[in-house]
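**Q** Questions regarding the structure given below will be posed in turn.
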Amino acid sequence: MTSPHTVPLTRPSSSATKLVGPLLAGALMAVALGVYGRVHTPTGFAVGPAGFSGPLAMKAWLTTGAFLLAFVQAGSALVMYG
């Protein structure tokens, strides 16, 4: 018989067990990237932003595109919902 102040032992909820897989996959990926970075020597070659003159120009164009898409989404929402 259980007293009213004891909590019966239960299994973890299914939402908690669903998080274990992605968390484990992320941890394994972090370890794999760390090992890869430790084993391989850097080449000293910087990867530049493809198609842009520099990182600042890339950021400006991508930000402009994001704002344009946000305005299109807001406009279409106004049309849908009056």
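**Q** At 222 nm, what helix-only mean residue ellipticity would the chain give, in deg cm²/dmol to the nearest 500, using -39500 (n - 2.57) for each DSSP H run of four or more? Could you put the intermediate results ahead of the total?
**A** Values: 2 runs with 53 residues, N = 82.
Value at 222 nm, helices only, nearest 500: -23000 deg cm²/dmol.
**Q** Which entry is the computed log10 I(q)/I(0) by the Debye sum over Cα atoms at q = 0.14, 0.16 Å⁻¹ for this structure: (1) -0.46, -0.59; (2) -0.92, -0.95; (3) -0.70, -0.92?
**A** It is the one labelled (2).
No lab work stands behind these numbers, since they all come straight from the coordinates. Quick caveat, the model's predicted, so the values are computed rather than measured.
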